Structure formats: C-alpha cells, structure tokens
1. If you project the alpha carbons of the protein assembly as shown onto the principal axes, what extent comes out on each, in Å, largest first?
2. For segment B:2-79, compute the number of Lys pairs whose alpha carbons are separated by less than 17 Å, excluding pairs fewer than 8 positions apart on the same chain.
3. Considering the zone a paramagnetic label at A:ILE71 would reach in this model (a point 7 Å from Cα along the Cα-to-Cβ line), which residues of segment A:19-45 have amide N under 18 Å from it?
4. Rounding to the nearest 10 and keeping the result within 0 to 90°, find how far the Cα-based axis of helix A:16-27 lies from the longest principal axis of chain A.
5. Quick one: with label points 7 Å out along Cα→Cβ, list the inter-copy distances for A:LYS34 in nm, shortest first?
6. Given the -39500 (n - 2.57) contribution per DSSP H run of 4+ residues, what per-residue ellipticity at 222 nm results for chain A, rounded to the nearest 500 deg cm²/dmol?
7. Summarise the partner chain shielding of A:61-68 as one whole number: the mean count of Cβ atoms from other chains within 10 Å of each residue's Cβ.
8. Considering every Cα-Cα pair within segment B:2-79, what fraction, in whole percent, is farther apart than 17 Å?
2 protein chains.
Amino acid sequence: MKAKVHVTLKNGVLDPQGKAIEHTLGSLGFKGVKQARQGKFIELDLAETDADKARAQVDEMCKKLLANTVIENYTIDIEG
Amino acid sequence: MKAKVHVTLKNGVLDPQGKAIEHTLGSLGFKGVKQARQGKFIELDLAETDADKARAQVDEMCKKLLANTVIENYTIDIEG
C-alpha cells in the first residue's frame, strides 16, 4: 500500500521557510499572496496490505520519526 | 482562495532525505517500508477569487520559484 503523509507546522509556530516564500514571491511581482506556509510531504511504499494496519503503522512512524508533535501536525492518507 | 502545492522529485532523481527516512525507519524496527520519498508541501493564501486565475498564478509561482522543474514535478490544488 502507499501512504501519503503531510507534516505541517501548527498554527502560531513561526515558519521561516514560509516567510521566505512570501517575501520572495512579493519581490518577484506576485502581489496577492496573503500567507505561505511550507510543510513536508512524505510518500511511503509499504509491504502491509491491510489499510487499517498500514495506517496504524504509519501513525507510529509519524510519532517516532516523521513529525515533531510538539510543533507539527500530521495527516495520513492510505491508498490501495 | 487557498492553493496547495506539492513539489516532488521526479522519478530517477536521487532523494537523500527519502533514503534517510527509509534507513531510519528500518533501524527503528519498521520492516515493511519498501520506499520513502520526501517532497515539499506549500500552502498559499491568495487574494485572487477566481479559481482559474489563481491556478494560473500559482503555476507561474511554481515555475519561477517553488519548483526546480529540471528535477521536480509539482501539482496544484485550488480550494475555495
């Protein structure tokens, strides 16, 4: 199964990469950008064939490695 | 409007961050990970209210700043 994981900074956590994107887009002439936030997108190819088990496994991976749950949120999408 | 941009490395391009995730997950005891790839996820908040114009604008942003189209693919989702 394939798992897609989005890791994003929690609201209120300073996002220097997002700020850099905002400023650079502004200086390139894109004036209508109110906010930019940058997160991570991780695609995993899993041997597990059961969707529920795969989700539980990926949830563990997020907690142990992929996300810093103090400052980051994560979402998991499992695909067949 | 909100735009969600995924920037991923093209197939065949070496992904050191993905390899690091693979190896670290393996050493943490997650044995069923066949492949991991890491990309970027960028959320933009745009003043533009027309979905087609917003998409065209974000496409330009990707080409000029957000993605390196030599080695990266990008996808754009526009939300109301």
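The numbers here are math on the coordinates, done by the rules we state, and not lab data. Remember, it's a predicted structure, so these values are computed and weren't measured experimentally. Don't worry about glycine lacking a Cβ; one is built from the backbone with ideal geometry, like all the others, and counts go over all protein chains shown.
1. So the extents along the principal axes, rounded to whole Å, are 48, 35, 25.
2. 16
3. Answer for this model: A:19-22, A:36-41.
4. Tilt relative to chain A: about 40 degrees.
5. In nanometres, ordered from closest: 4.3.
6. On the way: 2 runs with 23 residues, N = 80.
Theoretical 222 nm ellipticity from helices: -9000 deg cm²/dmol.
7. Values: counts 7, 0, 0, 5, 7, 5, 0, 0.
Partner-chain Cβ atoms within 10 Å, mean over residues of A:61-68: 3.
8. Tail fraction, whole percent: 54.
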